[in-house]
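A.B. asks: Questions regarding the structure given below will be posed in turn.
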Amino acid sequence: MVWMLGLLLFVDVLLLSANVAYRIGDGQDSGFWGTFAATAWDGDTDGSHIEIWGHIQLLLAAGLLVMLARQHKQLVFTAWAWLMFVVVVDDFFQVHESLGEVMAGLFDADAVAGLATKDLGELLTWGVLALLLVPPLVLGFFKASSWARRRTVVLGAVLALLVVFAIGLDMANILLHDHISGPATTVVTLAETAGELVPMTLFLAYTVKVAVLPSRRSA
C-alpha cells in the first residue's frame, strides 16, 4: 500500500504548493500567481480546498473503520470512526469556534495567559469534546483484541501528531503573532496547515491498509 500513501501525499503536496503560491501572490489577480488568488487555495481559510480534501479523507477513513468494526466486532474501531466524524462536523460547521465565543463570556478579562478569551474558549470547547471522544476509545481499547489494540496504538500516534499541529501549533501561533515577523508567521501558518493535512492522509492510508491487507489476528 506504499503506492497509495505516495499518491495521497502527492495530492497533499500539490495542494500545499498551491497554498504557498497563494501566499506568494499576495492578492495578485493576473499572471501565474493570479491562478491561485482565490482564498479557496489558502489552507488557513474555512472551506478551502485543503480543508475539504482533509474532510474527504477522514470521512473515508471513518467509513472503513465502521466496516472493520462490524467485520471484526471491535468496539474500538467504532470509537475511532466516531472521533473522525466529530472532527469533520466540528471543522465543517465551526462548532468549536462558535462555542468558543460563548465560553469566552465566562471570563472577565480580555485575555488569560496571553490568549484571547475566544481562543481560551475554543480550548475549553475541545476539552468538552474530548469528554465525548476519549471514553469510548479507552473502553474500546480495553475490550479489544491484541490485534485491534496494536492498530489503535498506531492510530493514536497519528492523532497525537494531528493534535500537536491543529491545537498546539495553532495556540503557539496566536501567542507569538505579535512577536514574530510577517514571513515567519506565514511559515508557521503553512506548517500548521501541512501538519493538519498529513495526519489526515495517514489516517486514511493506514485504515485502507488494515482493511485490505490480510493480517494474522490474535484474540
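A.B. asks: With the condition being over 30 Å from Arg150 (Cβ atoms) and under 22 Å from the mean Cα position of the chain (by Cα), I'd like the helices (runs of 4 or more DSSP H) fully within region 1-115 carrying at least 2 qualifying residues.
C.D. replies: So the answer is 2-25, 49-72, 75-93, 95-104.
A.B. asks: Of all residues in region 46-100, count the ones that are of a type in the set (Asp, Glu) and without any contact (Cβ under 8 Å) to a residue 40 or more places away in the chain.
C.D. replies: Here the count works out to 2.
A.B. asks: Restricting to region 80-128, count the residues that are on the phi > 0 side of the Ramachandran plot and modelled with pLDDT under 80.
C.D. replies: Of the residues in region 80-128, 2 are on the phi > 0 side of the Ramachandran plot and modelled with pLDDT under 80.
A.B. asks: Another question about this same structure. Any residue in region 145-165 that is of a type outside the set (Gly, Ala, Ser) sitting within a Cβ distance under 6 Å of a residue that is outside any helix (DSSP H, G or I)? List the pairs, counting only those 6 or more apart or interchain.
C.D. replies: From residues that are of a type outside the set (Gly, Ala, Ser), the pairs are Trp147/Arg217; Trp147/Ser218.
A.B. asks: While we're looking at this one, here's another question. Please specify each residue of region 184-219 satisfying the condition of being of a type in the set (Gly, Ala, Ser) and either assigned to a helix (DSSP H, G or I) or at pLDDT 95 or above (or both).
C.D. replies: Those that are of a type in the set (Gly, Ala, Ser) and either assigned to a helix (DSSP H, G or I) or at pLDDT 95 or above (or both): Ala184, Ala191, Ala194, Gly195, Ala205, Ala211.
A.B. asks: Looking only at region 134-153, count every residue that is in a helix (DSSP H, G or I), surrounded by 14 or more Cβ atoms within 10 Å (Cβ to Cβ) and aliphatic (A, V, I, L, M) and tell me the total.
C.D. replies: Final tally of qualifying residues: 2.
A.B. asks: Follow-up. Consider Gly54 against the criteria (1) over 11 Å from Thr201 (Cα atoms); (2) of a type outside the set (Asp, Glu); (3) surrounded by 14 or more Cβ atoms within 10 Å (Cβ to Cβ): it satisfies all of them except one. Which criterion is unmet?
C.D. replies: (1)
A.B. asks: Scan region 114-133 residue by residue and report those that are closer than 17 Å to Val89 by Cβ, surrounded by fewer than 18 Cβ atoms within 10 Å (Cβ to Cβ) and either polar (S, T, N, Q) or in contact (Cβ under 8 Å) with a residue 60 or more places away in the chain (or both).
C.D. replies: Listed by number, the list is empty, since nothing qualifies.
A.B. asks: Can you run down the residue pairs with Cβ atoms below 8 Å, 6 or more apart or on separate chains, where the first is in region 1-22 and closer than 21 Å to Ala211 by Cβ and the partner is outside any helix (DSSP H, G or I)?
C.D. replies: Met1/Leu213
The values are calculated or read from the model by the stated rules, or taken from the named source; none is laboratory data. For clarity, every value in this text was computed on a predicted model and none was experimentally measured. Every residue, glycine among them, receives a Cβ derived from its backbone with ideal geometry; neighbour counts consider all protein chains shown.
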